[in-house]
Amino acid sequence: MATCPKGHESTTADYCDQCGAPMPGTSTPAPPAAVAPPAVAPAAPPADPVAGTPCPVCNTPRTGRFCEEDGYDFLLAPPVTAASPSTSPTGVAVPAAGRETAAGPPSSATPAALVVVVGTDRGYFDAVLGMGGEDAGALTFPRFAAERRFPLVGQQLLIGRSSRSRGIHPDIDLSGPPEDPGVSHTHALLVLQPDGWAVVDLGSSNGTYLNDPHSAPVPPETPVPIAAGDRVFVGAWTCLSIRPA
C-alpha cells in the first residue's frame, strides 16, 4: 500500500484511489500538442495562353515564334487558305480576301516610286566593331560586294536571310554572297503605310539602325517612317539605301 501526499493509503500507484491526488513520483502528463492544419498545395499557375497554340497550317503545337514543321510565323500571323494563294514573307499562303488585312491599310495617295539599294558600309562596320560584341573579333569586312536593287512595291517586304528548313524566303534576301552573319533570318520589314513607307525591326538579334549607326537601334515591333535619302543598317556591314526609282 502507498500513501498519497494527503495521507491516504492507496492501492493504486499512480493516483490516490480515495482523493485522486497524484502519488509521489508520478508526473502530470503534458497537454496534447496542437495539431497543425494539413498543408495545402499551392494552386497551379494558369496555363500559358500562347504556348501550345496550334499552327493554322499543320496544327503542330506552338513552341516558339516559328512553327517547327512548316516555319509559320506566329508573330506576323498571316491568314492561311488553300484557295487562290499568294506568298507571305514566311512562305505561307495568304488568301486574296485577306491580303489587304494582313499587309496593312492601303495608301490614301500614290507614293513616289522608290528602290532599295543593298550594299556595304565601312563606317557602319567600324561602329559594329566598336560595340565590342561577342563575335566582333571574328568579323571581316568584305573586299567586294555587288550592289543589289529591290523595288519598293506591294504592301510589305521582309528583310532577312532565307532558311529552307524553316520556310523563310525574304523579299530582300541578304543570304549573300558575301553573307552578313549579323542579319537575322526575319530581321525587319519594310511596310507601306497611308503616309509612306516605314521600317519595322522584328526583334532581331543585332538590331536595326536608321541613318546614324552610332545612335540607338529603332525600337522593335514599331513602324519608323523612312523616305528617299534614308539609310537602314542591319547585320555587321549591310546598308540598305532608300532612293528614288
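Residues in segment 173-201 that are under 18 Å from the mean Cα position of the chain (by Cα), farther than 13 Å from Phe233 by Cα and polar (S, T, N, Q): 1 in all. Taking each residue of segment 129-146 that is farther than 10 Å from Ala236 by Cα and in a loop (DSSP other than H, G, I, E, B) and looking for partners that are at pLDDT 75 or above and not polar (S, T, N, Q) with beta-carbon atoms closer than 7 Å, six or more apart or interchain, yields Pro142/Pro178; Pro142/Trp237; Ala145/Gly119; Ala145/Pro178.
Strands (runs of 3 or more DSSP E) wholly in segment 150-245 with at least 1 residues that are in contact with a Ser or Thr (Cβ under 6 Å, 6 or more places away or on another chain) and under 20 Å from Tyr124 (Cβ atoms) - which ones?
Numbers: elements: 156-160, 186-193, 196-201, 208-210, 231-234, 238-244.
Because the criterion is at least 1 residues that are in contact with a Ser or Thr (Cβ under 6 Å, 6 or more places away or on another chain) and under 20 Å from Tyr124 (Cβ atoms), the strands (runs of 3 or more DSSP E) in segment 150-245 that meet it are 156-160, 186-193, 196-201, 231-234.
Within segment 132-161, the set of residues being surrounded by 12 or more Cβ atoms within 10 Å (Cβ to Cβ) and more than 24 Å from Ile226 (Cα to Cα) comprises Gly133, Ala136, Leu139, Phe141, Pro142, Ala145. Of the residues Gly196, Gly207, the single one that is modelled with pLDDT under 95, open to solvent by less than 60 Å² (accessible area, probe 1.4 Å) and farther than 26 Å from Ala112 by Cα is Gly207. Which residues, taken from segment 1-16, are in a loop (DSSP other than H, G, I, E, B) and at pLDDT below 70? Hit for segment 1-16 is Met1, nothing else.
Inside segment 120-160, residues that are at pLDDT 90 or above and either of a type in the set (Lys, Arg) or in contact with a Lys or Arg (Cβ under 6 Å, 6 or more places away or on another chain) (or both) make up a count of 3. The single condition among (1) part of a loop (DSSP other than H, G, I, E, B); (2) modelled with pLDDT of 90 or more that Val117 does not meet is (1). Within segment 178-193, is there a residue that is open to solvent by 30 Å² or more (accessible area, probe 1.4 Å), under 22 Å from Thr222 (Cβ atoms) and touching a strand residue (DSSP E or B) at 6+ places or on another chain (Cβ under 8 Å)? Within segment 178-193, one or more residues are open to solvent by 30 Å² or more (accessible area, probe 1.4 Å), under 22 Å from Thr222 (Cβ atoms) and touching a strand residue (DSSP E or B) at 6+ places or on another chain (Cβ under 8 Å).
The values are calculated or read from the model by the stated rules, or taken from the named source; none is laboratory data. As the structure is a prediction and not an experimental result, all values here were calculated from the model. For neighbour counting, all protein chains shown are included, and Cβ atoms are generated from backbone atoms with ideal geometry for every residue, glycine included. What goes into the accessible areas is simple: the full protein's heavy atoms, side chains included, and nothing from ligands, DNA or RNA. Shrake-Rupley method; radii C 1.70, N 1.55, O 1.52, S 1.80 Å.
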